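Report on the structure given below.
The values are calculated or read from the model by the stated rules, or taken from the named source; none is laboratory data. Every value quoted in this text rests on a predicted model; they were computed, and no experiment measured them. Every residue, glycine as well, gets a Cβ built from its backbone with ideal geometry; the counts of neighbours run over all protein chains shown. Remember, those area values only see protein heavy atoms, side chains included, never the ligands or the DNA or RNA. Shrake-Rupley method; radii C 1.70, N 1.55, O 1.52, S 1.80 Å.
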Amino acid sequence: VQLQASGGGLVQPGGSLRLSCAASVSIFSFNIMGWYRQAPGKQREMVARFIRGVNTNYADSVKGQFTMSRDNAKNTVYLQMNSLKPEDTAVYYCNAISVGATMNYWGQGTQVTVSS
């Protein structure tokens, strides 16, 4: 299983980016799919997480700012990031946990830099 994250880049404060995470298998194979980020010198933190049959959870710091969505036909999940701030600068990782929680997969990460 591979997760291919893309869409990062350099954006000015207040700007928007949409990250994509394409899975090499059907996303129905996963119970949980999420986005995490890691800023320099900080621990990796959950940003948004879709739990099948439950809901999508967001970190308090991004509620109302980021939106996670998915396209089942394309086996892809997205993270729409609006009103970006310098503190959103980080490497963003896609994560997926298989049905039965037997496997935990990570994408390679995509850099998001918010700077003027």
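Remarks
- Failed criterion for SER115 (all others in (1) open to solvent by 50 Å² or more (accessible area, probe 1.4 Å); (2) free of Cβ contacts under 8 Å to residues at least 60 places away in the same chain; (3) in contact with a Leu (Cβ under 8 Å, 6 or more places away or on another chain); (4) not aromatic (Phe, Trp, Tyr) hold): (2)
- Any hit, segment 75-92, residues being open to solvent by 40 Å² or more (accessible area, probe 1.4 Å), within 13 Å of GLN38 (Cα to Cα), over 10 Å from the mean Cα position of the chain (by Cα) and among the polar types (S, T, N, Q): no
- Of all the residues in segment 17-39, those that are at pLDDT 95 or above and open to solvent by 60 Å² or more (accessible area, probe 1.4 Å) number 3.
- Residue among SER24, SER29, SER6 that is farther than 14 Å from GLY107 by Cβ and not charged (D, E, K, R): SER29
- For first residues located in segment 15-27 and more than 20 Å from SER83 (Cβ to Cβ), partners that are part of a strand (DSSP E or B) and open to solvent by 40 Å² or more (accessible area, probe 1.4 Å) and lie 6+ apart or on another chain with Cβ distances below 6 Å form the pairs ALA22/GLN4.
- Filtered residues of segment 1-16 (kept if open to solvent by less than 80 Å² (accessible area, probe 1.4 Å), out of contact with any Ser or Thr (no Cβ under 7 Å at 6 or more places or on another chain) and assigned to a strand (DSSP E or B)): LEU3, GLY9, VAL11
- Of the residues making up segment 41-50, those that are over 13 Å from ASP88 (Cβ atoms) and open to solvent by 40 Å² or more (accessible area, probe 1.4 Å) number 5.
- Test result for GLY100, open to solvent by less than 20 Å² (accessible area, probe 1.4 Å) and either of a type outside the set (A, V, I, L, M, F, W, C) or within 13 Å of the chain's Cα centre (by Cα) (or both): no
- Taking segment 44-113 and the strands (runs of 3 or more DSSP E) fully enclosed by it, the elements with 2 or more residues that are of a type in the set (D, E, K, R) are at 45-51, 66-71.
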